[in-house]
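Please read the structure below before turning to the comments.
The values are calculated or read from the model by the stated rules, or taken from the named source; none is laboratory data. Note that the structure is predicted; figures quoted are calculated from it, not measured. Cβ coordinates were reconstructed from backbone atoms using ideal geometry, including for glycine residues, and neighbour counts include every protein chain displayed. Side chains included, ligands, DNA and RNA excluded: accessible areas come from the protein's heavy atoms. Shrake-Rupley method; radii C 1.70, N 1.55, O 1.52, S 1.80 Å.
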Amino acid sequence: MTPARPRVYTIAAGTPFVDALAAGLLARHGADPLTLSSVLVLLPTRRACRALREAFLRQSGGRPLLLPAMRPLGDADEGELTLNAADWLELPPAIGELRRQLLLTRLVRRGGHDDPVQAARLAAELARLLDQIETERLGFAALADLVPLDFAAHWQITLDFLRIVTEHWPELLRAEGVLDPAARRDRLITATAERWRMAPPPHPVYAAGSTGSIPATAALLRTIAYLPDGAVILPGFDTAMDAASWVALAGEPTHPQFGMKLLLAGMLVDRAEVEIWPAPGIATAATDRVHLIREALRPAATTDAWPVAAPLAAAALDGIARIDAAGPREEAEIVALLLREALETPGRTAALVTPDRDLARRTAATLRRWNVAIDDSAGVPLADTPPGAFLRLTAAMLADDAAPVPLLAALKHPFAAAGGARDDFRRRVRRLERRVLHGPRPAPGFTGIRTALLEKPDSGGLLAWLDRLARRAEPFSRLLHAPAATLAELVAAHVAFAEWLAHGDDGDPLWAGEAGEAAADFIAELADAAAASEPMPGAAWPGLLDVLLAGRAVRPRYGRHPRLAIWGPLEARLQQADLLILGGLNEGTWPADAGADPWMSRPMRARFGLPSLERRIGLAAHDFQQAATAREVILTRAEKIEGSPTVPSRWLLRLETLLQGMGRELDRGRAAQLRHWRTALDEPAGYRPVAAPAPRPPVEARPRELSVTRIETWVRDPYAIFAGQILRLKPLEPLDADPGAAERGTIMHRALELFVRAYPG
């Protein structure tokens, strides 16, 4: 029996979401352990499921519980969305990401883009377009009538190119017997919603934390809201927004409540029907702070209602501060200091919330100076891990004919050993570098390096070592210089050479550890998908490897600090910590630029039915609102990036503008103290500035004469005179010091001069 009215609740911004959800579920179903275990809770992500499990432990005081089933909506499959979906739903499998990219690359190359690397980049963009179209439940047929005559001619060319996805791609999917991942997820969620609508499940179902930005998810939420024993719990829905602002949301896709307004309209739910989720024992949100953030982010059409003349409750600014750093490095070090300071209080938790991956990586690196390993929800790009870097460097080394810079970059990697002791291998590499790699480069390839070594005395030991390296590299090098090679051949030869070079007397580090396992999984998936690629010039492999590695990340499974974390804005939506640091609050970072669609103009997107690009800013604004209403918040940004001034995030500007009108401002008092701590970290105890050392060699060691140019050097850099004239040191020539235009001119003039003198007639 369908209920007379939907059950839609909200957990207000500023209230710990998972704790409130757990407390409410225990109050409803916790009296009977078997009843609680029959409940199904749908959450946005796997991390949210883990957070809810931990919240149940906190709410139960550590006593054993039979927990409800918790399933992630964002990673739905038969085994996770429902407990027995495989028994009634038959769907083709989802195509693997690498195989899809390689198949699309093949279609792009056949369409006239013969460069495999550029084709692979276009294939990645096409894959994103496919996911958007499937996610928004749009049909490819609508693309045919998308470009009227009054649009620019280049859009018509784009439409012709998109025939790859309108005509060829559906046929290829049918031949493969697979579905696009987004299409499969959509069908699974849609089928589940339809099944529950026709035959409601016999157990309670709760969908919590989702804003319904995906149409299929929104439809499932509507079904759950009307189930006899179902409910939807929204995150941070603003039940106190004034009526004028609610109406104005229709034209404000960048507002944090815009998405939930659309969701409620699709669910046929009036905003007055949304109730506060009852959570016994959970402290309610700090209403003064929630009111402050609501006012700062209100729709532009109603900002005339800003209460600039009304007094602001002092509690609204309790626990919120702002720090403007000079640059990205200072911001990361200040954030790291704040996180490290939190550990001084037993049991205190802290998290950095940011979409800025550079800030996250810098912060994690800074924390390592205290041996603190922090959990970063986004992980580390596989391409930047030691195994990923080693694979990229070995490919570049041989593709560039063993040129000095790429050769040394690969051979000086910590993995390189070539079967022996790593220290001995590095000593040989340094000897090779000093003997022949500084100055004008040798002739291409290992043959050129060998010829250069033959001209040097005492190079016998290096010659045998170099010959062995060249023999092992030859199969892979030959493929890299071939006019055509298959991807399977390139992968196999590359892996064979990399494994040989990485193996040492202490074992093989290439596939060890979490990063090594991720690299091995990537290579295995690539080898399985290689048949989808057509032959290509071998020289394209290093660039193609970089493109295929993009987007792959390594997420540590254990060993991270239990009280510190780095979260992306989506992960932070349902999480909680005693201190939240919202970092990277600059325009272009948080929020990110709306950008441009590489395939369609904005009018074309609107005609086709895709959501506006500004919709992403609205989702980011909701995440900011959720985080900014936590009990203790510090907002940080960098004033300059790479020397260029930055613009503060629009949310910061709105907050500052509102407060200035009230004669108030955010607390900035911690900035000076944190900068002092940052400087003191690099000053050892008892540090006292002393004068720079002044070498005083004996008179007999001093030069008796100097050229005019050396006198100038003496004034600018006296240590250069000391090194050259006293210590008799000679600087190494730079690597790859091939003669430039001036040097080539000098060489030719000198050659002509010698010729004329030798043959004066």
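Couple of notes before you dig in:
- DSSP bridge pairs, the chain: antiparallel proportion in percent, nearest 5: 20 percent
- Heavy-atom accessible surface of M748, to the nearest 10 Å², is about 120 Å², with a 1.4 Å probe and all protein chains retained.
- Solvent-accessible ranking of E54, E683, E433, largest area first, probe 1.4 Å: E54, E683, E433
- Charge context of L526, other residues only, Cβ under 11 angstrom, K/R +1, D/E -1: -2
- A straight chain from D521 to A443 at 0.36 nm per residue would run longer than the Cα-Cα distance by 24.3 nm.
- Take the Cβ atoms of T284 and R195, set R0 to 41 Å, and the FRET efficiency comes out at 0.65.
- The alpha-carbon atoms of the chain define a convex hull whose volume equals 262 cubic angstrom per residue.
- Relative to its Kirkwood radius, the Cα radius of gyration of the range 470-524 gives an Rg/Rh of 1.03.
- Built amide H within the under 5 Å cut-off of L735, gap 5+: G439
- Inter-centroid distance (Cα atoms) of the range 227-257 relative to the range 419-484, Å: 66 Å
- Spin-label pair L454/T303, simplified geometry with 7 Å Cα→Cβ offset, distance in nm: 7.6 nm
- Contour excess over end-to-end distance, with Cα ends at H203 and V247 and 0.36 nm allotted per residue: 12.1 nm
- Cα-based Rg / Dmax (Å) for the range 599-739: 29.5, 87
- A straight chain from R704 to L754 at 0.36 nm per residue would run longer than the Cα-Cα distance by 14.7 nm.
- Accessible heavy-atom area order of E134, E171, highest first, probe of 1.4 Å: E171, E134
- Integer Hz, Karplus 6.51/-1.76/1.60 couplings in order for the range 756-761, x for Gly and Pro: 5, 5, 6, 10, x, x
- Solvent accessible area, Å² - R710, 1.4 Å probe, full protein context: 70 Å²
- For the chain, averaging the sequence separation of C-alpha pairs within contact (under 8 Å, six or more residues apart) and dividing by the residue count gives a relative contact order of 20 percent.
- The range 664-726-the range 500-567 distance, computed between alpha-carbon centres (Å): 43 Å
- Modelled FRET efficiency - R0 45 Å, F722 with Q673, Cβ distances, 0.05 increments: 0.60
- Evaluated at q = 0.15 Å⁻¹, a Debye calculation over the C-alpha positions of the range 330-395 (equal weights, vacuum) places log10 I(q)/I(0) at -0.54.
- Label point distance in nm, T166-A142, each placed 7 Å from Cα along Cα→Cβ: 1.4 nm
- Charge context of G584, other residues only, Cβ under 10 angstrom, K/R +1, D/E -1: -1
- The range 420-483 shape via C-alpha gyration tensor axes, a/c threshold 1.5: oblate
- Residues in the range 231-254 reached by a label modelled at L268 [backbone nitrogen below 16 Å; 7 Å Cα→Cβ]: none
- Cα gyration tensor category, rounded, prolate or oblate, for the range 275-387 with a/c compared to 1.5: prolate
- Accessible surface of the chain, 1.4 Å probe, proportion on carbon and sulfur as whole %: 55 percent
- Across the alpha-carbon set of the range 322-474, the Rg to Rh ratio works out to 1.17, Rh being the Kirkwood radius.
- With respect to the chain, whose longest principal axis is taken over its alpha-carbon atoms, helix 513-529 is tilted by about 90°.
- Point-to-point label distance, A550-T239, nm (Cα→Cβ direction, 7 Å offset): 4.6 nm
- To the nearest ten degrees, helix 215-225 and the longest principal axis of the Cα atoms of the chain are 30 degrees apart.
- Between 0 and 90°, nearest 10: helix 445-454 axis offset from the chain longest Cα axis: 30 degrees
- Dipole of the range 395-442 computed with +1 at Lys/Arg Cβ and -1 at Asp/Glu Cβ about the Cα centre; of L398, L408, A421, farthest Cα towards the positive end is A421.
- With a cut-off of 12 Å between beta carbons, the residues surrounding T646 carry a summed charge of -4, where Lys and Arg count +1 and Asp and Glu -1.
- With R₀ fixed at 35 Å, the C-beta to C-beta distance from I276 to D593 puts the FRET efficiency at about 0.45.
- Cα centroid of the range 569-588 to Cα centroid of the range 272-341, whole Å: 12 Å
- For the range 524-571: rounded, prolate or oblate by the Cα gyration tensor [a/c cutoff 1.5]: prolate
- Proximal aspartates and glutamates relative to K640, as straight alpha-carbon distance under 13 Å, when same-chain residues fewer than 8 apart are discounted: D324, E330, E331, E587
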